[in-house]
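Below is one structure, written out as structure tokens; comments come after it.
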Amino acid sequence: MRGSRGGNFETPQRVETTVGTEVQENKRVCELRWDLEMTPPTTGGIRSDAAGDGHFGSPRGSRTHKGTDFACYPGEPVSAPMSGEVYRIARPYADDDRWLGVAIRNSEYKAKLFYVDPYFSLIGSHVREGDCIKSAQDITQRYPDQGMAPHVHLEIKDKDGYLDPETLI
């Protein structure tokens, strides 16, 4: 793993950044480690709980996990893991529109973040690595009684397929 949660993260009292016509408050300020390709979306580590392991490649019944789950608390600011265009809203469940995320792309990678309540005004806009895209949803409401911890799911793809996000962070 290239950086074990490498930057210095802090939440200021108030930082204003204009995105479209919205003003973001409590934007997470990241001291980026420039030797890393991406920034973690939350301040938590990798989820590991009674419902499973959040690492890339972990078993998920008959399939494997195609992303990494970063622990968080519901409402926590979520950061863009990389710079690029927010090109659409991501919906992890076809049967439940409550759960959202964003899809970001640049010349090298495509990223999807799930269980995020995004600023809809970001769609079609460019974000920089570390920019606040809004806040974490509480995925435990979809899976009560399973012992799952709140988390944000991050998937990364390049032209050859899915990548382990931990190798880029």
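Read-outs throughout are calculated quantities, based only on the coordinates presented, and are distinct from any laboratory measurement. Keep in mind that what you see is a predicted model, and the values were worked out from it rather than measured. Don't worry about glycine lacking a Cβ; one is built from the backbone with ideal geometry, like all the others, and counts go over all protein chains shown.
Just one of (1) in contact (Cβ under 8 Å) with a residue 60 or more places away in the chain; (2) assigned to a loop (DSSP other than H, G, I, E, B) fails for residue 93. It is (1). Of the set (1) buried (at least 20 other Cβ atoms within 10 Å of the Cβ); (2) among the hydroxyl-bearing types (Ser, Thr, Tyr); (3) more than 13 Å from the chain's Cα centre (by Cα), all apply to residue 42 but (3). Residue 167 meets all of the listed conditions (1) touching a residue at least 40 places away in the same chain (Cβ under 8 Å); (2) in contact with a strand residue (DSSP E or B) (Cβ under 7 Å, 6 or more places away or on another chain); (3) within 18 Å of residue 40 (Cβ to Cβ) but one, namely (2). In region 109-125, the residues that are under 22 Å from residue 65 (Cα atoms) reach residues that are part of a helix (DSSP H, G or I) with C-beta atoms within less than 9 angstrom, at least six apart or across chains, in these pairs: 111/165; 114/139; 115/139. Can you find, within region 90-111, the residue that is nearest to residue 41 (Cα to Cα) among those that are touching a Leu at 6+ places or on another chain (Cβ under 9 Å) and surrounded by fewer than 22 Cβ atoms within 10 Å (Cβ to Cβ)? Here the residue is 103. Where strands (runs of 3 or more DSSP E) fall wholly inside region 127-169, the ranges with 2 or more residues that are out of contact with any Ser or Thr (no Cβ under 6 Å at 6 or more places or on another chain) and surrounded by fewer than 17 Cβ atoms within 10 Å (Cβ to Cβ) are 151-158, 161-163.
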